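Input: a single structure, listed below in structure tokens.
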């Protein structure tokens with residue numbers, strides 16, 4: 001009978017054996033005993049298709065297994081591997097080294113999130129804010145009790161919110177937001193974009209309660225419309241636009 | 001007061017102040033700029049009731065807009081229940097104080113007490 005190893009071996013999906021190499025600088029920081037983050041440098045071979053996440057996993061496999069990084073799907077669906085790559089918030093699994101146009105790739109934990117260790121950050125504030133805006137359809141009846149089989153929606157009604165439904169809760173928008181950096185109580189672009197996603201949904205009846213939640217001294221009005229959130233979203237969501245639409249509801253320009 | 005109501009006031013006072021300050025600045029052009037700022041002319045402006053009324057409205061609009069702007073900046077700078085209460089009440093007090101002091105000046109000059 002074959003013996004099963006107690007810990008699964010980490011495998012990168014594509015073995016890297018190229019003549020091209022880059023210097024990968026990884027921020028190392030452990031809040032329990034470090035005062036400031038330090039960078040460790042590794043020379044990593046890469047192919048045209050090698051992603052930053054694969055390079056980090058190469059480091060873990062061959063050089064230093066203690067590098068802390070969160071990842072899961074490796075196809076920009078789960079939103080786990082957000083980090084600052086060469087100064088910009090990006091998904092590591094969705095960023096090819098070849099498209100960065102640099103011989104040095106620096107990876108750091110996302111801004112505006114407490115660091116657990118190295119590249120892994122805490123998502124509690126993001127998920128709390130997301131949960132606060134009631135991210136679900138609110139109505140008195142349900143598909144089970146209604147005479148109709150499902151709640152009908154026209155393509156035009158779907159068009160109102162569909163791009164906002166692409167959010168994968170990766171937190172890159174919150175990481176890029178300048179207000180998040182100074183206001184620890186700010187609800188954040190991710191939650192505001194999701195508030196718009198449900199307010200604009202023709203099936204939803206919870207507009208008033210959601211608008212009340214975001215109409216707070218640390219809510220929607222603290223957005224300065226820098227637009228960084230929309231710049232960094234890997235799924236093409238435009239939170240800045242959603243926030244302006246929500247303001248339209250609160251100012252009485254939309255109903 | 002709901003934040004959306006405060007921000008409606010904030011935007012409204014900004015728009016109204018831009019319009020009235022434009023009138024105020026254009027009044028300098030009706031005569032020579034330097035001449036319009038001479039002591040006697042400034043006093044005459046204050047003693048012309050419609051103009052004094054406009055100055056009073058500008059004072060109120062800019063005080064409300066300015067102190068709410070200051071409140072917003074301070075709320076983003078630091079957070080905490082006690083701090084936020086102090087900032088809100090402090091800004092209202094500052095706004096009322098500035099309007100009272102400015103109104104006193106306008107009324108006194110209008111009545112020829114300066």
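The values are calculated or read from the model by the stated rules, or taken from the named source; none is laboratory data. This is a predicted model, so every value here is computed, not measured. Using ideal geometry, Cβ is built from the backbone for each residue, glycine included, and neighbour counts are taken over all protein chains shown.
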Which one of the conditions (1) at pLDDT 95 or above; (2) surrounded by 12 or more Cβ atoms within 10 Å (Cβ to Cβ) does residue B:28 fail to meet, given that it meets all the rest? (1)
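Among the residues of segment A:170-194, how many are over 23 Å from residue A:86 (Cβ atoms) and within 16 Å of the chain's Cα centre (by Cα)?
Total meeting the criteria: 6.
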Keeping to segment B:4-41, report how many residues are within 14 Å of another protein chain (Cβ to nearest Cβ) and either over 30 Å from residue A:222 (Cβ atoms) or under 21 Å from the mean Cα position of the chain (by Cα) (or both). 10
Out of B:98, B:70, report the one residue that is touching a helix residue (DSSP H, G or I) at 6+ places or on another chain (Cβ under 7 Å), closer than 30 Å to residue B:51 by Cα, surrounded by fewer than 17 Cβ atoms within 10 Å (Cβ to Cβ) and in contact (Cβ under 8 Å) with a residue 24 or more places away in the chain. B:70
Going through segment A:217-255 one residue at a time, which ones are assigned to a helix (DSSP H, G or I) and more than 14 Å from chain B (Cβ to nearest Cβ)? A:228, A:229, A:230, A:231, A:232, A:239, A:240, A:241, A:242, A:245
When the residues of segment A:184-203 are narrowed to those that are in a loop (DSSP other than H, G, I, E, B) and crowded, with 20+ Cβ neighbours inside 10 Å, which ends up farthest from the other protein chains (Cβ to nearest Cβ)? A:201
Of the conditions (1) at pLDDT 95 or above; (2) touching a strand residue (DSSP E or B) at 6+ places or on another chain (Cβ under 9 Å), residue A:49 clears all except one; give me its number. (1)
Qualifying positions in segment A:160-183 - more than 14 Å from chain B (Cβ to nearest Cβ) and modelled with pLDDT under 95: A:160
